[in-house]
Each structure stands twice: as C-alpha cells, then as structure tokens.
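Asks: Before I ask anything, let me first share the structure, which is written out below as structure tokens.
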C-alpha cells in the first residue's frame, strides 16, 4: 500500500486535496481529513544554488534556503516505490475510506504555497496567533509616500516601503522589518496621513479621546522626544471626551475629528501649523494652542434644527477634495459640509432622502408665553407660570435626550435597520462617493449627495473601501476582496484572508489589506491582471526554496467513563505511556457526569454562556498531572457539554506554533437541546494549519442507526466555534478586554463559503468518541467466540458503522484504521481480561463503541487492562507532515521576481506612462475676486488621464518677484481664499476640463 501523502496545512500551502478516515467497525472512532502537498517540480531542484543568494539576504537566510532544498531533495528521493513499501509496512496501518468524499461540504479546502484561486500576495505580516496579540491587535493601516503605518491597541508601528522585501527582523517571525513606538499609548482607532505638510505627518485618533501627530525623523536626527526607531510623537491633545472614531483632512488643510454621540470638531490648519513650529522648550504650549482653536460643528446642527438627526457615532469622515466638501457619516445618515466655509450644506439618510429640520415654530415658545403673562397676572401667578415653564422645558429636554439615547442604542445593538448600517466611505478619481453597508450593499453618490446607483456584489457586510485610479477595492467581513471599475462592474474577487478585511490602503504599487486577526497582505494594484499569472508561475517554481516540512505526532484518546472516576495508574496505562514522543494530546471523554439534574444545569449554563463543572475539572487536573502539565505539556483548550468533555494539551516546545483556540458544542439530545448526546469540539491553528477535534456521543441502542447518522449530520452542519471560556490562563484564552473583535461566524475569524459548515473549512478534522454503532446480525455467544479467536476481520463485516460508511451515509470521505483489537463494550467494572464482557441478563453484544479514526496511523489500540468503566479506553497515535511556508524567504523571492522579471517590468512601465496632456498656462494671477480658467486637455487618443490639482504651499512674493517665506499646507490643501472646482477628475481621450477661481 502506498505511504501516506504529505499533509499540507499552511494558509498558502500546497496543492492537491485528499480526504481520509479510518474506522473501527465497533468502537470509538477518530476521523480526519487532510491535504496532500503538491509535488514541486524536480526541475526546480536543479536550478543553480547561487540564484538563492541575493544582495539583500543574510547568511542565515541563505542557510535556511539550503536547508529547505536539502529537505525537498530528501523527500523526492524517499518517494521510490521500494522505500515507500518498506516504510508503510513498518509504521502505518491499513485504512478504510468512507464513500461520499466528493460531496462539496465534505471536500477539504484547497491550500497551496501559491494559492491557485487568488492573486499572489506580499505577506507583510503573516497571520499572527491570537494568543500572541492580547492587548496589541492592529486596528488600522495607512500608507504614505515612503511608509506603511499600522496602529493598534498598544502603539504605532511603521514599515519602510523600501524594506518590504527584506528579511524579517527579530520582532515577529515572518514579518517584514518594522519600527515601533513606545508601549503604553492608548488604543488607536483611526489614522490619516498628511503628505502635504512638508514632513510627512501622520495623525492618529485614540480611545482616550486624544489626537496624536507622528513625525518621521532622519537617521541623524536626535531631537527632544525622538525615538531610536526613527519617528516620534510631535504633538498630542485632548480632542474629545470619548474615543476618536474618525479623522480626515479637508481640501483646505483642516483636521476634522468625529467621536461618539455625533461629536464633530474641526481643528484649523493655522493652529496646527503654529503648534508644530514650536521649539522643544515651547512644546508644553502646543497642546493648549490646538485645544483652544477647535470649532464645534455639532452646534451648527442644533442651530439649523438637526439636533436629533446626527446623534449617532461619527464612525466615518471623508474629504472630497474634488469639490471641497467633507462627508460625515453616522449609522444611517450623512451630513455634507463645505470644507472652505465650514458650513453645513445638507443632512440626508441612507436612502438619499433629505432629513427635515425640526420646525421650531411648532414647538411652544415658552419665553414668549411667559413674557405676555407677566403683564396680566399677579406676582404669585407669575411665579407659578415660571415654574410651569421650567417643568415643560425640562420634560422636553428629557424626552429629546431619551430619544437620542434610544436611537444610539438601537443603532449599536442591531435594532431597526442595523443591516443597512454605513460601514465605509471612499471617493473615486471622478469625484463620485461610494459607501458600503452592513448588508453588502454598495451605493454610488454624486458630490452633492444624490443617490445614483446601487450594487450588490456580495452578501457579506462591507468593512472597508479603497480606490486607486479607475478601480474600487471592497473588503468584506467574509474575508473576500472584490475589485470594481468606476461604473460598478465586477472585475474580480477572491478570498484575501481567513478573517474579516477591516482596513485597506494603497501605496508603492500595492493595495494593502489588514485582516481582523492582524495579518497584512499586499496585492498588486493591477490585480486581477497579467502580472498575477507571471508571479504565480515564478513563485510556484521556487516553492522548494521557502517550504519546510514539519513532522508532528498526535495522540488522540477517547473513553466513556460511565460517570466513574479513574485511578492514576489507569491514566498512565492509557495516556502516560504513549505520550513520550508526541507533540499534541487530544482527550475526549463521555458520560463524565449524567442525570436529570446535571443535564438541566448544563442546559441552563449554556444559555448564559457558561460551561464546565467540578467533575470535569477533576478529570482535567488528573489528566494534566499524568501528562506533567506545566513542565512537559500545556493545556491550550477544553470544552464541556453535560457529560461530554474534550481537551487538548501541547508540548511546551510546540506551544509557540499553536493557537487561535476556539471551542464549540452541539447538543443532540431531546429536541436538539439537551447535552446527554451530542458533540464538543476544539479548533486550533498548528503551523498555520487549522485542525479540528470533535468528541461525539451519538444515540444509543442497536436499532437507532438512522438517528446516529442524523446526529453526525447535525453536528457536522451546525458546529459553530467561538472563544473558549475555561482555558487555564488568560493568555491562552486570547481574550482582549481592550478591543471588541470583529466576528461574523466565529472567533478565529475563519470565513466559510456561504451555506457551508465551518468544519468544511478546516484542513484536518478528527472525530472521536462513543459513536454507539453496534455489531448487527450476530449473537452474544457468536461475538464472544470470534473475539476469543481474534477474528476481527469477520466481526467488521457485521459493523453498522462500516456498512453506513460504505453506503456514504455518515463520515463521508473520512478514514478509519482497520481495527486489530477486541470490542471495547460492554464490560463488568474492575474485572480484567476478556472474561469481563457483560454476562448479565441483557448480555449486550460486544462492540467497539470507542475508537479513533485518523490518518497515517502508527498505533491504534484499546487499553484492555483498564477496568474503571464498562467501556475500555482507546488511543491512537498518528503522524502528520505539515508543509510550512517560510514567509520571510518567500517575501524575498517575491521581491526578486518583481525586480528582475522583464515581462512584469514592461507591464508596470506601461502603466506608469502619462498620457499626453496640455495645460493652458503655468502662471495664473488673481486680482480681487476674479475667476480664472485653467484648461487641461487629454491629447492621448486611446487612454484616460487622471488629474489632481494640489497646493504645495504659500509664499510671499516681493516687489522684485522673488518668493520667500514658503509655508506648506496641510494635505496639500488650498488657502481659504482659493476655491478650485473640480480639483480632481478623469479626462477621456481628447476631453478637457476647466475652472479655477478665487474668492
């Protein structure tokens, strides 16, 4: 028999898919599904070794490349038929494969080092394990001319764009080299860049209500406050009482900030410029200057009768530099502002309907009424009227305040039209505004807030939008990225991350996407396009340079303990003696505790998000002591549902590569609500591959075959994972009190294809437990005779589970090892040997109810000497080879291809060519408030031309014509006296645009 194929588990791993399962016809089963790796081209192995050594690679990188090559050649040489047969016979056990593996939901997902279903990506920051990100999740990214900025819960980090192809630093494994601010900064909520300020400033909004300004420093600078990592905090001030949720810089250089409850403030560029120009000694005054300069824009809403219209959080701000406007967005409404005059122009809702102002004339004019009555009533009556006025005024204010509070809570909590909630805004080069909603709807607006067109390209919620040239990039909560043109036509789409895409930014020829788990990928701005196929082909040919095989042994054990408690010697016999050389131990127990009271209490706990019991903890502690927990192994997760318990221990030297632990429970008892039957599962990421372990207890009794099949189907389809609540420490739990993680389907953030079970997205699934399938068509005496003669091959023909798997009714496409041990049920307690089979009145036919079903099995046996229960425990050891991608080396290879491939260079060079254009004049002189025309013409007969008019600064011109005192403008903004319409646009071939005026 052929040897087990290589298992590939990385998010980008290898290619072909194989589905496996092993079945013990009568016992506890453990099923798995795994992927086989692609066979790298042998021709690639003969490539010149010198090609691996590049000027930017260190000696350690070269050594790693050589190691991977040797490993690759080793694997190629070890695939000879004779050697395979010898290895197989010496280690792996025979297997049985269930039918039905071709059904889509039972088919494993495709993985590859270069994924065939999406464009190649630049891994700036590979998917970090959640447990390593506690208190430091990244929440925002921003690209400037030279840097990629990332902001999180504990500071700011910066990647120099020129270093993205370099070897990883020591900070994070596989991550491109970066610089980091000092720790302890309040959690960052938003970022905005300001290239036009002359020094590349970046502004950040924080949870503590502060706005901070960051400034890049030259290597030889060492001013006050400058950090050794090359950038410093140049300015900070208290902007809001609540968190700063959004920032933008207007077309006139002013900084706008939004917060909770509709709070909206403007910080004039003049004040910011003055504060930034202060010396180190004067810096304490800088914050005071800015804080006193703000303009409270919410007061305009109240003055204009919109006090109740925009009380929801301002989560999005957008600067329309084409028409000099600013858009502020709440949950279901917008406000449109003039960036130059700072006046409110319009308030409208998500449907494009203009919000009506509150007609103040319809409200009682208490002051006038009081004035009239003062003339005709006595002093005592006047006091009474004033009292009435105060009562009505206070009542009115209280009612309006309560209405505002209800509106805010409704928007946050999902009442009403929450699925239409505004999630993202972006402006395209043609001046159109695009918004994305929680129901997946994309809406196109014109510059004055008229709703033009709707597009529904995906059912998941939109999380972010980004534009570049004539393309619109959309990031969804499903992890999918789509690319549209300016007309809304879909150009392409792919799964960019296994987690929601929460932010996007563009720079250096890439669109960078930030996933909810903290990973950052860069996609070529031409994707989907011809560059993708060239990159894919080149990277696939070099797979052997950056792929390493990690060998791993996993011990899985299952036992129906029959509400009893085991001795330490029994645990040693079952687990301790077999765990000496394994990396992961998975234990599934059934009937830890039962009874009506236990089941009722368990159901009550589940309804409020609680689980576990003292008995379950006793078992976990005992198993932990057996495995030398704390020294040799660490428990990473567990989940209990009534009598069902599953837990995973990881060897300490493997712990750094294991994480993202999630748990799940599916009751299958009465009404699919009681946990006497059902399943509990744990999902974890190992070497960037997702493994699921599901402990089951299905319906009992010989005749209940269909119910058992239905139990499996229900578990497989409905098991939904979330963060466990009973991990041994806070780090393992991965919980972060500082940030509410975005989640659509589960805690890991794994997104499944619509309508597909979560288990179908795992790289390997292991089912184990008391499945309760029996021996059918055989008597008690016949069964005992065959057992005593060790005729297991004949017994398997009577196994219900084997028959159902052959028919494709259950565990479709999964494998089980052929059973070579006696049936494990039912025994008299504390009676050793095969004579212990139940000989009571019922004389239950012996059956293997507990057996693991796994891949590449090295050991598969029952512990017949354990007598603490009427079931025997079963254990299984199997070997897994995981293809692990070295992202640091892969990123360097990515950069080498981009820089050396002539076809790619030619394509990108064509994109950089500027169409022939004519600008009518280079010198415009304004006098008084005259309007002047600037004409721009696209003389290219084939391609569109994009333009943007910016202000690089202001200078004083002396009588001799010499300019001096040059002052940059924030974000290339125009001075208040200058209005340019339109400042950006698209010119079709032979088309022209004009209009510029002063005021």
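The values are calculated or read from the model by the stated rules, or taken from the named source; none is laboratory data. Small disclaimer: the values here were computed from a predicted structure and weren't measured. In this analysis, Cβ positions are derived from the backbone assuming ideal geometry, glycine residues included, and neighbour counts consider all displayed protein chains.
Asks: If we scan region 559-577, do we find a residue that is over 30 Å from residue 676 (Cα atoms) and either at pLDDT 95 or above or touching a strand residue (DSSP E or B) at 6+ places or on another chain (Cβ under 7 Å) (or both)?
Replies: No, every residue in region 559-577 fails to be over 30 Å from residue 676 (Cα atoms) and either at pLDDT 95 or above or touching a strand residue (DSSP E or B) at 6+ places or on another chain (Cβ under 7 Å) (or both).
Asks: Continuing with this model, one more query. Checking the conditions here, which among 313, 296 is surrounded by fewer than 16 Cβ atoms within 10 Å (Cβ to Cβ), farther than 21 Å from residue 214 by Cβ and modelled with pLDDT of 90 or more?
Replies: On inspection, the qualifying residue turns out to be 296.
Asks: A further question on this structure: Which residues, taken from region 432-455, are part of a loop (DSSP other than H, G, I, E, B) and buried (at least 19 other Cβ atoms within 10 Å of the Cβ)?
Replies: Correct list: 432, 438, 440, 447.
Asks: Quick test for you: out of 497, 458, 517, pick the one residue that is in contact with a helix residue (DSSP H, G or I) (Cβ under 8 Å, 6 or more places away or on another chain) and either surrounded by 24 or more Cβ atoms within 10 Å (Cβ to Cβ) or under 19 Å from residue 435 (Cα atoms) (or both).
Replies: Within the list 497, 458, 517, the selection yields 517.
Residues are listed down the side, and each one gets a yes or a no for (1) farther than 16 Å from residue 689 by Cα; (2) surrounded by fewer than 19 Cβ atoms within 10 Å (Cβ to Cβ):
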{"residue": "104", "(1), (2)": "yes, yes"}
{"residue": "123", "(1), (2)": "yes, no"}
{"residue": "126", "(1), (2)": "no, no"}
{"residue": "131", "(1), (2)": "no, no"}
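Asks: I've got another one for you. Yes or no: residue 323 under 15 Å from residue 250 (Cα atoms) and modelled with pLDDT under 90?
Replies: Spelling it out, residue 323 is indeed under 15 Å from residue 250 (Cα atoms) and modelled with pLDDT under 90.
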